[in-house]
Amino acid sequence: MERGRRIVKQLEGLRMQPNLLGEALDGRPFDWGAARALLDGLPSGKGLNIAHEAVDRHASGPNGMGTALRWIGRDGTRRVLSWRDLRTETNRFANALRRLGLKEGGRVFLLAGRIPELYVATLGALKAKCVVCPLFSAFGPEPIATRLEIGEAEILITTATLYRRKVEALRPRLPLLRHVVLVDAAAVDGTLDWHALMTEADPVFEIPPTDPEDMALLHFTSGTTGKPKGVVHVHQSVVMHHVTGRTALDLHPGDIFWCSADPGWVTGTSYGMIAPLTNGVTNVVVEAEFDPQTWYDVLEQERISVWYTAPTAIRMMMKLGTEPLRGRDLSSLRFLASVGEPLNPEAVVWGVEAFGMPFHDNWWQTETGGIMIANLAAMDVKPGSMGKPLPGIEAAIVQRDGQGGIALVDAWMVPGELALKPGWPSMMRGYLHEEARYKKCFVGGWYLTGDLAMRDEDGYFWFVGRADDVIKSSGHLVGPFEVESTLMEHPAVAEAAVIGKPDPTAGEIVKAFVALKPGHEPSEALRRELLGHARKRLGAVVAPKEIDFRLNLPKTRSGKIMRRLLKARELGLPEGDLSTLESDER
Ligand code: AMP
């Protein structure tokens, strides 16, 4: 689809006056102090705490009995929590943590599907000023153990099944993990029972003074090399979640909001929990797995007005066409947004055909803690573009000069690395215990995002690709190193290299190339065994879907495997600069 295409917005045509008008994006100064003033702050000037803004503030306001969380279970069970209910539950959990000896700064890890306890635990732990780290429940034992180790987990909240399948055997590796709480079963050996803890706990809790710079959330993300990175976020990030909820997602009082992302990833926490609650908007949580029919049921039956979803989901819907939408009443819907991977221009336009409005793409990443670039409700949409930087966000395209510096690209549609000027409240404060890795992200006063992008003459940004070898599969960031390391634990594997292979639905799938040790021959049985080995340890999201055998893998003179070359060959693309190639696969 050509770049010149635009979906023109007319304010009269929109069902609601958008919170932020397009012209606010064009060079107007932005005051973060004014953004902070939209929030309450702890009583008596005791600082800023995410859970106070998300829960207590509304619980004691006029909408205290309004619905904060509407949960729809897999079997259709519904549970509704008002802000007051949520205040009581989160108070109990904060007290339970104290009783278990968790101090301020203590690490609380969560491993569960989208169940109400996950939301109570997150907000309760934030009240107790513990640090919350959500894990994705589809991870296998290996990624879970690595993250619990790096994050120095002291307590894990999970389900009996996940515990038995994925954690129990690892406990000897985790001496710091003092408690495991099971939300859905009586305590078994070495675990505690959520319900018993909550029943015994006091329903009143006063949030201690909280410095806006106190650590609040730890989200893991993956790089090309090395272990996963623990991205540190502080309570101050709530300013960004709140403001971008209003601007990028256009949340208004009375909205019924649904973010289909899992809280195991940053979107599911920042926007599947914090942003709607701080904005006093009903947050719908759906436990069921991804499936277009279920989504349509949810949109219709729950009267969703704002839906935040992802390209993989949109592509799954597109595959079925608009037929399943026929006869449905989706009149409550007024704003659609998407994040996490490149959104095909066709998908944006399909939104108009299917729902009468485009999907609004926006861009951000775990490190930025909140949406940076977005297509706003009031803005014309250029299908295929991520939109424009939000107020207070300065973005640029830069190129590295080869001597450790960067130069700004001020031409239109010339690709370079997407860079952001630090200063917004939700920027990461570090990678846990990895100062050097953190510092490397900043050059010449800019934060380099690791993404390649271009800017057009109207200030819209266009995603080009990753600057590194990290893979995005169904919206989940997968670090090749983690996959390669697991494959190499198999006795038959000498070397492994992992790439992202384009896929029409998932965006990319994880594909591995493997060289075998002497004495092992490639075979279909061995391929299946390796796929099974990886899946068991890494979980379905991270494990490779395809494995090819190679005699050798192409390497640079310094011994690094050239994933880029494997990818180019896989896709039949030009092989590029081979001057550093030392040994080849052939
Ligand atoms: P994560 O930290 O897991 O949220 O992943 C962040 C990465 O996802 C970004 O650095 C991009 O590579 C990719 N991403 C996020 N949003 C978009 C988008 N709207 N278009 C293209 N890529 C995106």
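Considering Glu367, Glu346, the condition of being closer than 20 Å to Val238 by Cβ, in contact (Cβ under 8 Å) with a residue 40 or more places away in the chain and among the acidic types (Asp, Glu) is satisfied by Glu367 alone. For the criterion of being polar (S, T, N, Q), under 22 Å from Gln17 (Cα atoms) and modelled with pLDDT of 95 or more, Ser332 passes. Note on the stretch 416-428: among residues that are touching a residue at least 40 places away in the same chain (Cβ under 8 Å) and buried (at least 17 other Cβ atoms within 10 Å of the Cβ), the one that is nearest to Gly539 (Cα to Cα) is Met428. Taken together, the residues in the stretch 531-548 that are without any contact (Cβ under 8 Å) to a residue 60 or more places away in the chain and either touching a His at 6+ places or on another chain (Cβ under 6 Å) or in a loop (DSSP other than H, G, I, E, B) (or both) amount to 2.
For Gly500, the requirement of being closer than 29 Å to Glu394 by Cβ, out of contact with any His (no Cβ under 9 Å at 6 or more places or on another chain) and of a type outside the set (D, E, K, R) is not met.
Residues checked against (1) surrounded by 15 or more Cβ atoms within 10 Å (Cβ to Cβ); (2) hydroxyl-bearing (Ser, Thr, Tyr):
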| position | (1), (2) |
| --- | --- |
| Asn279 | yes, no |
| Phe290 | yes, no |
| Gln293 | no, no |
| Gln301 | no, no |
| Met317 | yes, no |
| Gly321 | no, no |
| Arg326 | no, no |
| Ser331 | no, yes |
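If a residue has to be outside any strand (DSSP E or B) and either of a type in the set (A, V, I, L, M, F, W, C) or closer than 11 Å to Ala453 by Cβ (or both) to count, how many in the stretch 403-427 make the cut?
8
If you go through the stretch 87-127 and keep only what is more than 17 Å from Leu162 (Cβ to Cβ) and of a type in the set (Gly, Ala, Ser), you end up with Ala94, Ala96, Gly101, Gly105, Gly106, Gly124, Ala125. For first residues located in the stretch 467-491 and part of a loop (DSSP other than H, G, I, E, B), partners that are within 11 Å of the ligand (Cβ to nearest atom) and of a type in the set (S, T, N, Q) and lie 6+ apart or on another chain with Cβ distances below 9 Å form the pairs Ala467/Thr449; Val470/Thr221; Val470/Ser222; Gly475/Thr267; Gly479/Thr221; Gly479/Ser222. Criterion first (modelled with pLDDT of 95 or more, of a type in the set (Lys, Arg) and either closer than 24 Å to Glu89 by Cα or within 16 Å of the ligand (Cβ to nearest atom) (or both)) does Arg178 satisfy it? When the stated conditions are applied, Arg178 passes them.
If you go through the stretch 300-321 one residue at a time, do you hit one that is of a type in the set (D, E, K, R) and closer than 27 Å to Arg87 by Cβ? The answer is yes; a qualifying residue exists. A Cβ distance below 6 Å, combined with a sequence gap of six or more or placement on separate chains, defines the contacts here; from the stretch 249-277, residues that are part of a helix (DSSP H, G or I) reach residues that are of a type in the set (Asp, Glu) and away from the ligand (no atom under 11 Å from the Cβ) in the pairs Gly268/Asp262. Please enumerate the residues belonging to the stretch 467-492 that are of a type in the set (D, E, K, R), surrounded by 18 or more Cβ atoms within 10 Å (Cβ to Cβ) and within 14 Å of the ligand (Cβ to nearest atom). Selection gives Asp469, Lys472, Glu482.
Restricting the stretch 320-361 to residues that are of a type in the set (Asp, Glu) and over 25 Å from the mean Cα position of the chain (by Cα) leaves a set whose member that is farthest from Val478 (Cα to Cα) is Asp329.
In this structure, Ala407 does not qualify as buried (at least 22 other Cβ atoms within 10 Å of the Cβ), of a type in the set (A, V, I, L, M, F, W, C) and more than 16 Å from the ligand (Cβ to nearest atom).
Residues that are over 23 Å from Asn283 (Cα atoms), more than 25 Å from the chain's Cα centre (by Cα) and without any contact (Cβ under 8 Å) to a residue 12 or more places away in the chain: find the helices (runs of 4 or more DSSP H) completely inside the stretch 30-146 holding 2 or more of those.
Where helices (runs of 4 or more DSSP H) fall fully within the stretch 30-146 and carry at least 2 residues being over 23 Å from Asn283 (Cα atoms), more than 25 Å from the chain's Cα centre (by Cα) and without any contact (Cβ under 8 Å) to a residue 12 or more places away in the chain, they are 32-36.
Can you find, within the stretch 17-46, the residue that is modelled with the lowest pLDDT among those that are over 17 Å from Ala374 (Cβ atoms) and of a type in the set (A, V, I, L, M)? Across the stretch 17-46, the extreme among qualifying residues is Ala34. Glu582 versus (1) touching a residue at least 12 places away in the same chain (Cβ under 8 Å); (2) in a helix (DSSP H, G or I); (3) of a type in the set (D, E, K, R): which is the lone unmet condition? That leaves (2) as the condition not met. For Glu287, the conditions (1) at pLDDT 95 or above; (2) in contact with a Ser or Thr (Cβ under 7 Å, 6 or more places away or on another chain) all hold with the exception of (2). If the condition is being among the hydrophobic types (A, V, I, L, M, F, W, C) and within 13 Å of the ligand (Cβ to nearest atom), then the stretch 353-389 contributes Phe359, Trp363, Trp364, Ile371, Met372, Ile373, Ala374, Val381, Met386. Scanning the stretch 232-254 finds one or more residues that are modelled with pLDDT of 95 or more, within 14 Å of the chain's Cα centre (by Cα), buried (at least 24 other Cβ atoms within 10 Å of the Cβ) and not hydrophobic (A, V, I, L, M, F, W, C).
The values are calculated or read from the model by the stated rules, or taken from the named source; none is laboratory data. A quick note: this is a predicted structure, and the numbers were derived from the prediction, not measured. Positions of Cβ are generated from backbone atoms using ideal geometry, with glycine treated the same way; all protein chains shown enter the neighbour counts.
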